[in-house]
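Here the structure comes first, spelled out in structure tokens, and everything after it is commentary.
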Amino acid sequence: MRSKISLVIIIAGILGFAACKKDNNGTKILPNTSEVLYISNEGAFGFGNASLSVYYPKEDRLINQAFEQVNNRSLGDVLQSVYRYKDKIYCLVNASSKIEVAQANSLKELAVIKNVVMPRYMSNEGNRAYVSCWGNKGEIVALDLSTNTIVKRIAVGNGPEHLLLNKQNLFVCNSGGFKTDSTLSIIDINNGILKKTLYVGDAPMDIVSMGDSIAFVLCRGKILYDASWNVIGHSSSKLVKISLIDFKILKSFPLFAKQHPAELVLSKDKQSVYIGGGYGFAGLYRFDLNREQMDSLPVSTKSFYGIAGDCHGNIYGFESPDFTSAGSMTIMNPQAVIIKVKTVGIGPNGMCY
């Protein structure tokens, strides 16, 4: 499942000692710090070798296999993404159809949420969380985070991916998954009812907002095949500007005729959005939101499997050259100048800041 079964993970410091502390396996984990990145490494599909890396930017310290070392076991098969809420992290293990819950500051296992079929991404409003899942023909699973239990299942489109919570509405990108789709599902979180299905373009993958009124949706487009799986064409990727108030398309911007990016990163000043990521996509591009135009040249020519950003405006690119050996995390400043490169786990796809 190299389609970004993927996004982001790393782990927090441990217990509040002034000096470093060792876990049971002798690995040094720094005490609590204000900045921690949780990096999600998918591993190879079917091998059960997904892993979590933790990076402390201020100390420039990286710990690979962090969850595994603390808990003496593997996370499972394909770590799609990691999500943090308060003092807990939630590891969405796609092919294992579960969510591992751990303490953010020690990575000690707290619970395992099962019966979430092929989870992808997560968002929350207080103790109520929403998880996009490819299973059951595409659904959002609502969780009570105080009990780690499922409280509702909401049918959406095929292959739901990234989510956006805006006031009382949840916007869901339906990528198509193993089938096809071109819709955005809009759910009223007050009652869990689907309010509207908005057709935006082939394979919507990611969504970012500029506030409470405007959002941009990345539609990856798709590769067209004949009956023998020969490529016979493409549908173009595009960026779609929508209203978060009346759920209408405001504008559509063509991107690539034959390339299919999967992720967006909004700049710190919200003046631009970076486009990239996805299996087989080459380059990282900047789209100026004021001019409503994409730069003609990429800010990076690297082929990133996943991209992410932090609160400083830095951009992170994750390279997965294959799914049998370690990948890398490239840290870039807001101008996409490389600051440093770190070796992480197999199949890195993103991070949680």
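The values are calculated or read from the model by the stated rules, or taken from the named source; none is laboratory data. These numbers come from a predicted model, not from an experiment. Virtual Cβ from ideal backbone geometry, glycine too; neighbours counted across all protein chains shown.
Just a yes or no: is a residue in the range 138-155 over 19 Å from residue 189 (Cα atoms), outside any strand (DSSP E or B) and touching a strand residue (DSSP E or B) at 6+ places or on another chain (Cβ under 7 Å)?
No: the range 138-155 contains no residue that is over 19 Å from residue 189 (Cα atoms), outside any strand (DSSP E or B) and touching a strand residue (DSSP E or B) at 6+ places or on another chain (Cβ under 7 Å).
Restricting attention to the range 248-256, does a residue exist that is at pLDDT 95 or above and within 18 Å of the chain's Cα centre (by Cα)?
No; the residues of the range 248-256 include none that is at pLDDT 95 or above and within 18 Å of the chain's Cα centre (by Cα).
Could you please find all residues in the range 66-87 being more than 24 Å from residue 131 (Cα to Cα), assigned to a loop (DSSP other than H, G, I, E, B) and either touching a Ser or Thr at 6+ places or on another chain (Cβ under 8 Å) or of a type in the set (Phe, Trp, Tyr) (or both)?
Within the range 66-87, no residue meets the criteria.
When the residues of the range 167-183 are narrowed to those that are crowded, with 17+ Cβ neighbours inside 10 Å and more than 17 Å from the chain's Cα centre (by Cα), which ends up nearest to residue 90 (Cα to Cα)?
Residue satisfying both the conditions and the ranking: 169.
Sort through 268, 248 and tell me the only one that's out of contact with any helix residue (DSSP H, G or I) (no Cβ under 6 Å at 6 or more places or on another chain), under 28 Å from residue 351 (Cα atoms) and either of a type in the set (Ser, Thr, Tyr) or surrounded by fewer than 17 Cβ atoms within 10 Å (Cβ to Cβ) (or both).
One residue alone meets the criteria, 268.
Find the residue count for the range 163-213, including only residues that are in contact with a Cys (Cβ under 9 Å, 6 or more places away or on another chain), among the hydrophobic types (A, V, I, L, M, F, W, C) and either at pLDDT below 95 or outside any loop (DSSP other than H, G, I, E, B) (or both).
6
Starting from the range 297-310, keep only residues that are surrounded by fewer than 21 Cβ atoms within 10 Å (Cβ to Cβ), then list their pairs with residues that are among the acidic types (Asp, Glu) and at pLDDT below 95 whose Cβ atoms are within a distance under 9 Å, requiring at least 6 positions of separation or different chains.
These pairs meet every condition: 310/35.
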